[in-house]
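The values are calculated or read from the model by the stated rules, or taken from the named source; none is laboratory data. Computed from a predicted model, the values in this text were never measured in an experiment. Quick reminder, even Gly has a Cβ in these numbers, built from the backbone with ideal geometry, and neighbours come from all protein chains shown.
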Amino acid sequence: MPDMTPRQIVAELDRYIVGQNAAKRAVAIAIRNRWRRQHLPPELRKDVTPKNIIMIGPTGVGKTEIARRLAQLVGAPFLKVEATKYTEVGYHGRDVESMIRDLTEIAIGMVRQDQRAQVETKAKERVNDRLLELLLPGSVDPDSDNQEEKDRAQRTRDKMRARLEAGELEDRLVELNVEQRAVPVQIFSNMGMEQMDVDFQSMFERIMPKQNQQKQIPIKEARRVLLEQEAEALIDRQVVQEKAVELVENQGMIFVDELDKICGPSSSHGPDVSRQGVQRDLLPVVEGTTVNTRYGPVRSDHILFIAAGAFHLSKPSDLMPELQGRFPIRVELTDLKKEDFLRILTEPKHALTKQYAELLATEGVKLEFTPDGIEALADIAFEVNRITQNIGARRLHTILERVVEQISFEGPDLPKKKVKVDGAYVRGQLKEIMEKEDLSKFIL
């Protein structure tokens, strides 16, 4: 885990997300507390549990983005789940413990990638040796007594190796044995593989015969296939599994969205019964339990849970008292104002205006947003949010897409490769929409 102070974490988040300082401070402290926990004596460390967070705020203000960027920042396995997907009525849907299994799969992928980077140099050397064998099969006979012949064969190999490393033989065809991956077997249509025994799927993979096929492929393609095979052979699966489980248990983060949809006044009919059930199922996972995965048991005691919801029709106190107690930190995210939209369009590292400019630059079109053009975009986004449904910063996507639609369509054929988007242009593109009284009928 990187040794970053809360102030540094907030500064890093500020590069991508505008405002919401209270939420940023809360998550920065939670991450720093993890780092502090790692430096405690082992007997004390196991008793220090993470302080889970509930983010309260309308859609499109940055709740998910804060959690996702934070996980990327500290290299933690991160999973976003919708609480409502566990409330299917009519049949038993996915069980809540599946979120831990999914998080473990993500950690396995992260650790494998890390291990692969460590063995890549050695794997590339092996690949070159195997390619030489394919190009010069049996060129050196180790049992031969003729030293001159062995020297000549070695010189030929060295020349071929030099040409191979120089990239002169990339298009030459070689015959390679390529393994065809079997399609995973799925048995229960509703319940999915996770409802089966965790090792059932891998058992089928072992039973199914591997299909190998001889193919004539160019060396550049063969290099990729062989690199995959050699890296796989060098990676220790047991080490990957142990590291992934440790990573999940100590650094895993789960973002539970739409938490407000599973709380509210209890009802004797409809999906409300199921909502209470989801809260009861969530409780042990958030509290700390052991979940069986195909990589062994995983404890959820020290996974950081960040929940989020708009809480328009309900409030956090409508949750079960036991579940409330598991989310001690609550932060409110504010509605976006016109000034926030202005900052969102200009300040973040990969702001929307920069994205569109770079996309069109790939075709030689120089797209320039003037200050009054950006101000017009922010003004219209705020106004449309105020009059119709407030969808936060996502409104900027719909407005910007409409504004640059014509430029995007005509981009490759434009005679003038420089386009200026000013206030007049923005209002001209959105004029017919802004004139309508009932905006909700239209795209914006």
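When Ser144 is evaluated against the numbered criteria (1) of a type outside the set (A, V, I, L, M); (2) surrounded by 14 or more Cβ atoms within 10 Å (Cβ to Cβ); (3) modelled with pLDDT under 75, which criterion, by number, is the only one it fails? Condition (2) is where Ser144 drops out.
Which residues, taken from the range 306-317, are crowded, with 17+ Cβ neighbours inside 10 Å and either free of Cβ contacts under 8 Å to residues at least 60 places away in the same chain or in contact with a Leu (Cβ under 9 Å, 6 or more places away or on another chain) (or both)? Passing the criteria: Ile306, Ala307, Ala308, Gly309, Phe311, Ser314, Pro316. Just one residue in the set Ala76, Ala117 is at pLDDT 80 or above and surrounded by 18 or more Cβ atoms within 10 Å (Cβ to Cβ); that residue is Ala76. Entry remark, the range 323-353: residues being under 29 Å from Gln406 (Cβ atoms), part of a helix (DSSP H, G or I) and out of contact with any strand residue (DSSP E or B) (no Cβ under 9 Å at 6 or more places or on another chain) number 8 in total.
Within the range 33-76, track down each residue that is of a type in the set (S, T, N, Q) and assigned to a helix (DSSP H, G or I).
Asn33, Gln38, Thr64, Gln72
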